[in-house]
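Each value in this text was obtained by applying a stated rule to the coordinates, not by laboratory testing. Quick caveat: nothing in here was measured; it's all calculated off a predicted structure. With ideal geometry, Cβ positions are generated from the backbone for all residues, glycine too; neighbour counts draw on all protein chains shown.
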Amino acid sequence: MTDARTGHTPAGPGEPGRDAPTARRITIHDVAENLGVSLSTVSLALNGKGTISTATRDRVFAEAARIGYVANPFARGLRRGRSGVLGLSIRSLDSTGTYRPAGVDHFSRMAGTAAFTAMDRGFGLMLVPLRAGDENSEGPLWVDGYVVEDPRTDDPVVGTLLDAGIPVVTIGWDPARKNRTAWVSTADRDASTQLLDLLAARGARRICFISGTERNSWNAETARAFRAWCQTHRMPARLLRVPESAGEEGGAKIAAQILAEPGAPDAIYCQTGRHAAGVARAALSMGLRIPHDLLVAAGNDAEQTRSFDPAITVIDLQPETLGREAVDLLADIIDHGSRERSRVISARLIERGSTAR
């Protein structure tokens, strides 16, 4: 019966009151904070994984017992067998501040095909956000395997997964660990060389390449291809870097600067489609004609490159194929112990109006 004065319902015998505050559950975060160690250290110690010292492992167990931490029985059971779940971390979006950058459909195309491929192989696929500063999350450590898209050099997520003994396939590769994980990639050097050959065939003699700033294999391989091509063709290798997160505005800003200089480029090759759309917009606002006065091309397709007038020539990185092959290779490693280390996919050059002289 409800007390008319207070509106509260008294508890029955042995039953906590309905208005009693619920005690906060002790978590792995509490153990890590009390010991001054990372979440991954605590998780690896409790799960008997990695190369944690006996002394550290004992300290973790002692502190967990002291504060009353009880491991999630579901997660603990998964670590002893198979979860039936694969993890996917899209590292190139982890530091941009959003997982939905305007006009970018590369990642949704890749992740969608990866999810269906996982189901075909008997797994679910879980997207795991691991933003900068959160690389030690305990989340990835119970899945059966992991796809890491565009890892950075010495990527902390890749390092944590390798230490935990979790199978990893990367899309692109960690430049510091190329031989330590299996990987799937487009043939980035070949694709860039093909695009540069097209620009030269359309009359370009002063090509500027605008790269991103992420320290990943895609940026590194494309920059190497550009420098090598320029050396072979005895052209100046002008390479500028603009953060991927700057998007279309970043491309417009750098284009307004370089197109106003003496000896301005007659072709601009941007690593990202959003940068390329910004370059093209700035060029038109300066009275330049595309493609008559300036050729514009991009190393990846996006909504902006398809809808711009004129539409922008691109390298299609085949994201659906990347997602399918990465999950398929990971499933082969988990199910059959495959020792296959790499799969290289041909990109597709799509010429559009921005280079069609």
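Couplings 3J(HN,Hα) of segment 177-186, computed from phi: 9, 4, 9, 9, 10, 6, 8, 10, 8, 6 Hz, in residue order, whole Hz [Karplus 6.51 cos²θ - 1.76 cosθ + 1.60, θ = phi - 60°; x for Gly and Pro].
Based on other C-beta atoms within 10 Å, arrange Arg343, Arg357 from fewest to most.
Numbers: Arg343 16, Arg357 11.
So the residues, fewest neighbours to most, are Arg357, Arg343.
Sorted fewest first by neighbouring Cβ atoms within 10 angstrom, His106, His336 come out as His336, His106.
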